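A short write-up of the structure that comes next.
Only the coordinates and a few stated rules stand behind these numbers; no lab work does. This is a predicted model, so every value here is computed, not measured. As a convention, Cβ positions derive from the backbone with ideal geometry for all residues, glycine included, and neighbour counts pool all protein chains shown.
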Ligand SMILES: Cc1cc2nc3c(=O)[nH]c(=O)nc-3n(C[C@H](O)[C@H](O)[C@H](O)COP(=O)(O)OP(=O)(O)OC[C@H]3O[C@@H](n4cnc5c(N)ncnc54)[C@H](O)[C@@H]3O)c2cc1C
Ligand SMILES: Cc1cc2nc3c(=O)[nH]c(=O)nc-3n(C[C@H](O)[C@H](O)[C@H](O)COP(=O)(O)O)c2cc1C
């Protein structure tokens, strides 16, 4: 490599080469919240061991694993609060080790803890993990490798593997370099074989391939880091569920992965889940998604729901034959609970001219026909979602342009404040108290009509930037009266509407609230922490279920998409506020649903788009998981049996190939 005069900087997390050119490498450092100290012990652990101990100052835990025939790594971690509470901030090395030996005595069997910095004077080396990312992995003649370029939290233990794979890839591209930087053209035959590369092309290939792998691991590592940072949230779980939550924390291991690793243990989890779900009536060994769930006097037969989805197909707010077939088909498709699309409480409250409504008798009889069919032909329950479009009203049908105003016949819109959804949308009229009275009464009237139709449940839509959401989010609510300002004020009107609806809805039937758990706007908008308070506020007014959606509350949102991307918000509300929640958002496989439910991240799982294309999603999942105790219309029984048989045969053939 002499001709090229390259420096390969593999000098670790504190890389001096990287830090000397901080801007050129585009270094991003995220200092995480927990404290950890890296210790060793002569106690040999036969398997990777997590030891969790509760102290009067909070939880502290160890990640312990053998790294040599006679030695184990023993990393002790806790929150900063616990760390200070236990006095670690004031202790030197031997004192800190002595406290850890005492706390973890039952795991150490008399073995001592050792520090690789024991000879150093001063306080014990407690660190905050630093997640490093670099936009560019090379600058001038310096090439970064391993921890110098990227780090992934030690709880997923992949740092060494990543560093070695970087080295292998770098060796590969450098071996393909053309003989000298000044050799005339690419394509010469290099020593390593293959077409010769320029240095620039070689480094591009190195970074492009490796950064993708690193990103995947860093995403999993972030989930795992966050799990340990919010561990107190799960401390009330029963040990079995706590262990399940721990094992699936990075989202790289799912329910079916666990089955492959330890079928017997997973079946213990499934039995535990069913026992809890049925109040001890059943301890079936079956997937969690098929276990029943109770809200007040309504029991849904399983945990899968058809999420609310506007069909933009009504005329004058009246559902028609399309809706009859659409909802009927999804009811017989096996989901336990079906939500209607956002059904509007007034003509002006519609999003588009195609939205369904609940403000007159024609609408009541059309909805009643649908509800009667669902009840007569399926075991599914049906929930009426009620909403008012507010600032996002008077727009085109979804497929003609989302949130785009009508070309003609627009109607005036209102909202919390005179903030338009986007520059092309109308500036809404800020609501007066008289407007609030009228809208509240429309919601109550719609609830009464819903009861007449026979709906099992009602949901209030307070998400996605529509009228009630425009009060909750500070990005839209600019009021200076008692309905604006702090969260408590912004919630005042939505809570008033909910309470009035609750009073009109029978006490034995449940109600839910749909919220946007984040505005995807950082600290300027609703944060997941606010969402916990919002969930609690509605629960105090009688909400039985928090339907946890996210975003769509302002036009410039910056969402972070991915599989199950909104589930962490449901997890947080469920386990911090201890409320029943429904998760939604890019959940599309039975394995996702089972993992979410068994890990206690939600009580119900809603799927929207998968149900658009496959009304029978739940029955298909039953066939795939070979679960037969599912409500299938007798007319369709043969189809389910055949599908289950074919899928089983395919799975067996695939296993043989492996
Ligand atoms: C607490 C903890 C536990 C971990 N556990 C695991 C695990 O179980 N499994 C796993 O795969 N990964 C684990 N990791 C991550 C793993 O240690 C690193 O990702 C891996 O060591 C990175 O390798 P590297 O070669 O890039 O850096 P390092 O292993 O840090 O090597 C860098 C080397 O450069 C040397 N150096 C630095 N500056 C200079 C200089 N100026 N001159 C000369 N030499 C210099 C250092 O002394 C060091 O030897 C853990 C990390 C932490 C913090
Ligand atoms: C066509 C369509 C219409 C929707 N209409 C509504 C609606 O009326 N009310 C609502 O709360 N959410 C609505 N949503 C959002 C979905 O309920 C769901 O939250 C979102 O699509 C994410 O879930 P998914 O990834 O399973 O599709 C709609 C989604 C789609 C795709």
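Pop the C-beta distance of residue 46 and residue 243 into the FRET formula with R0 = 22 Å and round what comes out to the nearest 0.05. Kindly include the intermediate steps, with their values, before the conclusion.
Values: r = 17 Å, r/R0 = 0.79.
Using R0 = 22 Å, I get an efficiency of 0.80.
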Requested in this report: Can you pull the one-decimal nm distance between simple spin-label points at residue 656 and residue 89, each 7 Å off the Cα toward Cβ?
Outcome: 6.5 nm
**Report entry** residue 112 paired with residue 209, simple spin-label distance in nm, labels 7 Å along Cα-to-beta-carbon
**Finding:** 4.7 nm
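Please work out the Kirkwood hydrodynamic radius for segment 294-336, using every pair of different C-alpha atoms, and report it in angstroms with one decimal place.
Details: mean 1/r = 0.0827 Å⁻¹.
That comes to 12.1 Å for segment 294-336.
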Query raised in the report: Taking the highest mean first, how do the peptides 59-70, 13-24 order by number of other beta carbon atoms within 10 angstrom per residue?
Result: 59-70, 13-24
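Stretch residue 362-residue 612 to full length: gain in nm at 0.36 nm per residue minus the Cα-Cα span?
Separation in residues times 0.36 nm, less the Cα-Cα distance, equals 87.4 nm.
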Query raised in the report: Is the shape of the chain best called rounded, prolate or oblate, per the rule: a/c under 1.5 gives rounded, else a/b larger than b/c gives prolate, else oblate, with a ≥ b ≥ c the square roots of the Cα gyration tensor eigenvalues?
Result: prolate
Query raised in the report: Hey, can you rank 256-268, 385-397 by average C-beta count inside 10 Å, highest first?
Result: 385-397, 256-268
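For the chain, what is the calculated [θ] at 222 nm in deg cm²/dmol (nearest 500), taking -39500 (n - 2.57) for each run of four or more DSSP H residues and dividing by its residue count?
Values: 22 runs with 249 residues, N = 658.
Value at 222 nm, helices only: -11500 deg cm²/dmol.
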Report task. For the chain, give the share of DSSP beta bridges that are antiparallel, in percent and rounded to the nearest 5; count only bridges with both residues there. Result -> 50 percent
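For residue 294 and residue 11 in one chain, what is 0.36 nm times their gap in residues minus the Cα-Cα distance, to one decimal in nm?
Working: separation 283, 0.36 × 283 = 101.88 nm, distance 5.64 nm.
Full extension of this stretch gives 96.2 nm more.
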**Report entry** Label point distance in nm, residue 200-residue 536, each placed 7 Å from Cα along Cα→Cβ
**Finding:** 5.7 nm
Query raised in the report: Among rounded, prolate and oblate, which fits segment 413-452 when a ≥ b ≥ c are the square roots of the eigenvalues of its C-alpha gyration tensor, a/c under 1.5 means rounded, and a/b larger than b/c means prolate?
Result: oblate
Query - Kirkwood estimate for segment 431-490, i.e. one over the average of 1/r between Cα atoms, Å - result: 13.0 Å
Query raised in the report: Projected area of segment 263-411, taken from the Cα convex hull and averaged over every viewing direction, in nm²?
Result: 11.1 nm²
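Tell me, in nm to one decimal, what length is gained between residue 636 and residue 648 on full extension, where the rule is 0.36 nm per residue of separation less the Cα-Cα distance?
Values: separation 12, 0.36 × 12 = 4.32 nm, distance 1.88 nm.
Stretched fully, the residue 636-residue 648 segment lengthens by 2.4 nm.
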